[in-house]
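Got a structure for you, questions after.
Only the coordinates and a few stated rules stand behind these numbers; no lab work does. This is a predicted model, so every value here is computed, not measured. Counting neighbours? That spans all protein chains shown, and the Cβs are built from the backbone with ideal geometry, glycine included.
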Amino acid sequence: MQYSIHAPNQFIDAYLDRLLPDWSRPVLSVLVVLQPCPCDLIERTPATEEQKQQLRQNFLQFGSKVAAQLQHQGHLAEVFDPRTGFPLLSQPGQLRLDDVAIVRSCLGYPTVERYGCQVILHPVWGSSVYPSTLLSSAEPALVETLSTIIKQEMQFLSPEGLWEFASADRNATNLSQAGVG
């Protein structure tokens with residue numbers, strides 16, 4: 001699994017009130033989480049749908065823990081459902097958040113269209129990657145610290161190694177090289 005933390009892109013800045021209408025503070029951090037999938041996500045099959053559901057659950061568990069810690073410290077934090085694009089913790093707005101568009105904007109990864117959906121082409125995993133997003137009013141350094149702590153806690157809960165993280169952003173700190181994981 002990879003994660004990276006970014007400043008909000010122009011879409012989030014311009015349309016925050018239509019994504020999260022109840023938010024009173026600006027987004028300072030965008031946490032992008034990418035999970036490798038054992039199957040290619042270009043085709044729609046029962047197996048790919050089952051894998052997407054498992055990866056969605058992994059992210060929701062992780063994202064909810066990060067969001068809870070950020071909120072406990074007085075920050076706004078929102079986990080977006082990768083399946084619907086709507087927020088899970090706040091009142092939804094008129095717009096959905098497109099995880100693929102966020103990855104394309106933040107990381108510059110190319111995409112391909114299949115069956116009316118955009119699919120990320122990861123440089124290592126190809127189209128076998130599942131994206132998800134968390135937004136926060138907290139500074140990027142705090143989001144990174146909490147993500148690292150929660151990642152370490154979740155590694156103990158996941159013997160399959162699903163929670164092995166490495167930074168996906170060439171500008172973000174690679175936690176593995178820094179000796180944090």
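Helix-derived [θ] at 222 nm for the chain: sum -39500 (n - 2.57) over DSSP H runs of at least 4, divide by residue count, nearest 500? Don't jump to the answer; show the numbers that get you there.
Details: 4 runs with 64 residues, N = 181.
Taken over the chain, the calculation gives -11500 deg cm²/dmol.
Report the dimensions of region 2-167 along its three principal axes from the alpha-carbon atoms, largest first, rounded to Å.
41, 37, 25
Which one of Ser29, Ser105, Ser132 has the biggest mean-square fluctuation once the chain is modelled by GNM with Cα springs under 10 Å?
Maximum fluctuation in the GNM of the chain, among the listed residues, is at Ser105.
I'd like to compare 36-44, 143-151: which one has the highest average count of other Cβ atoms within 10 Å, and what's the full order after that?
143-151, 36-44
Tell me, what is the percent relative contact order of the chain, built from C-alpha pairs under 8 Å that lie six or more residues apart?
31
For Thr111, Thr45, what's the fewest-to-most ordering of other Cβ within 10 Å of each Cβ?
Thr45, Thr111
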